[in-house]
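Heads up: the structure comes next, in structure tokens.
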Amino acid sequence: MRGLLLTNYYLIHRSFLTYTALAIVISAVIFYFADPSFYRIIAMLIILLMAMPVLEVIKLESKTGYDKYVLTLPVSRKNVVQSHYVFYFLIVVSGTILSYGVFSMYSLISKSAVEDIVNIVAFGTFIVLFAGALAYPLLYVFGAEKSDGIVLGGGMGGLFVAIALQGAVGYFVEILAASSLPIASSLHVPILYTLFGMVMYIASYFIALSIYRKREF
Amino acid sequence: MTNLLEVRNIAKSFGQNEVLKDVSFHVPPGSIVGFIGDNGAGKSTTFKAVLGLISRDSGTVEIFGEDNLNKNATIKEDIGVVFDAINLPVSLTIKQLNKVFKSLFNSWDEADFYRLIRSFSLPEDKKIHTFSRGMSMKLSLAVALSHRAKLLLLDEATGGLDPSSREQILDELKAFVSDSNSGILLSSHIISDVEKIASHLVVIKNGEVLLNEEKEKVFREYAIAVMNEEQLNLLPEDIVVAKRTYDKSIRVLVSDKHQLPDRTLTEPMSMEELSVLLTRSER
């Protein structure tokens, strides 16, 4: 597993750094020109830009035939799928931390505190986790040639689902507020979005695994 | 001693297209099995079926006596594979590749890997996508030879190499089987390579194995007879391996030259002629 993660890292580390720098620059530009209604877009953009090269891993592996070769190494098909999902998740976590850092930094520099940073960042995290959850099974079914459309579709799908989920999140927030759980009410929404994202991501892993197990090379 | 690889009666179809038909052969310890066939004969499909990269319609594949490569990935510690293209992550350097394989193989031998890299004169810090085909194939072979594998599966691994590099690689392969515990399945278009190092021959045509024999026995017992239709009809059917009709005669590969009628005209048999007769045969 460590070897597979290391390969993924080597495959994309340059574009990962480029995209991360790009994410910081774009967020700085949006912060400067746009109003607070764009904050959620910034959070999503930072995490999505960091995660995009990770979805390219499958394309790069397929281009050189490494997707076939890797199965001749002492790893199982399960290990390969796990490595894709774990690597993407680690990058989403890094993106979430960076996104939080960018918002905190902006609050500090601009001296105008951004409210609900955790809430905003959790919204972005959900969208990007959902994009991965949608993209991986589709990449295994349709192959790397369709990866550009799948990645784009995943991001758009994540955004629509995040908006569509607002009603359900509101409903659960009311339940949580009525419960005696010792969780600050300001954390209810981010916790719910993160939880929904995780559940979908894990469900997607099992679907992707069953697809990948039957895949022929 | 158990065969390193035992392929029994495997069949595979893609839709209506029957690609492998009842394919059987084995790789005993200490042997190099030359796997010969034209493009599209089923060599690469056989490799994929052996490695579990495609499903089989029927038949069994035992590696080191076990038929569960997809369930027990640790068996692959002892298998080295080279396909007909580079198939390694090309944006990595050799140094990065070494780190990756060190994590993947318990038995990765870093010293041996770098010995091979230096002996093949490959640059350690350049990305693999800058390598020529010959350099890439050498690198793939260096990987396959660097984790103390017992079985090498080489699909057209010597293709694209210049004669001197091929010689160097064939020497490495001969050294690999010299301990008599290891074995190689080597598919190649380059008949001279097979002739030089193979101890067994498997010839496949249209997904069917036409010949599966020890090379020494083939050259000792087999013969190419030149005859007409009448003479052919008189031959015992079980010794006719393949035949090819020419303008005025038929060339017949027989598995036991001692069963040929007296004064039957035979041709000197080289590896090249044997291969051409089998791959172009009518049977």
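Since every read-out is calculated from the coordinates, none of them should be taken as a lab result. These figures come from a predicted structure and were not determined experimentally. Please note: Cβ atoms are built from the backbone with ideal geometry, for glycine as well, and neighbour counts cover all protein chains shown.
So what is the relative contact order of segment B:1-152, in percent, for Cα pairs below 8 Å that sit 6 or more residues apart?
24 percent
Quick one: order B:Arg118, B:Arg8, B:Arg244, B:Arg166 by neighbouring beta-carbon count within 10 Å, fewest to most.
B:Arg118, B:Arg8, B:Arg244, B:Arg166
Under a crude label model (7 Å from the Cα following the beta-carbon direction), how far is B:Glu272 from B:Phe64 in nanometres?
Distance between label points: 4.1 nm.
Hey, what angle do you get for helix B:133-144 against the long axis of chain B, alpha-carbon based, 0 to 90 degrees rounded to 10?
It works out to around 80 degrees.
Which order do the peptides B:212-220, A:126-134, B:144-152 take when ranked by the mean count of other beta-carbon atoms within 10 Å per residue, highest first?
Values: B:212-220: 15.2, A:126-134: 27.4, B:144-152: 21.6.
Descending mean neighbour count gives A:126-134, B:144-152, B:212-220.
If I require 27 Å or longer along the helix axis, counting alpha carbons, and a Kyte-Doolittle average no lower than -0.5, what helices from chain A are left? Use full DSSP H segments. If you can, show how the numbers build up before the last one.
Numbers: long enough: A:2-33 (43 Å, 1.19); A:39-64 (39 Å, 1.37); A:77-110 (49 Å, 0.89); A:117-142 (37 Å, 2.10); A:188-214 (40 Å, 1.10).
Counting only whole DSSP H runs, the qualifying helices are A:2-33, A:39-64, A:77-110, A:117-142, A:188-214.
Other chains near A:69-81: what is the mean number of their Cβ atoms within 10 Å of each residue's Cβ?
Averaged over the peptide's residues, the number is 6.
Rounding to the nearest 10 and keeping the result within 0 to 90°, find how far the Cα-based axis of helix B:110-119 lies from the longest principal axis of chain B.
70 degrees
Take every residue in peptide B:49-56, count the Cβ atoms of other chains within 10 Å of its Cβ, and give the average of those counts.
Counting other chains' Cβ atoms within 10 Å and averaging over B:49-56 gives 3.
Run through all the Cα pairs of segment A:19-127 and give the fraction in each 5 Å bin from 0, expressed as whole percent.
Answer for segment A:19-127: a P(r) of 2, 12, 20, 20, 13, 9, 9, 7, 5, 3, 1, 0 percent.
Amide H of B:Lys243 versus every other amide H placed in the peptide plane: which residues, excluding those fewer than 5 positions away on the same chain, fall under 5 Å?
Answer set, sorted by chain and number: B:Leu253, B:Glu282, B:Arg283.
Helix B:163-177 against the longest principal axis of chain B: what's the angle in degrees, Cα atoms only, rounded to the nearest 10?
On a 0 to 90 degree scale, this one is about 90.
Which entries of B:Lys43/B:Lys174; B:Lys127/B:Lys174; B:Lys43/B:Lys205; B:Lys21/B:Lys205 show an alpha-carbon separation above 20 angstrom in the structure shown?
Cα-Cα > 20 Å for B:Lys43/B:Lys174; B:Lys127/B:Lys174; rest within.
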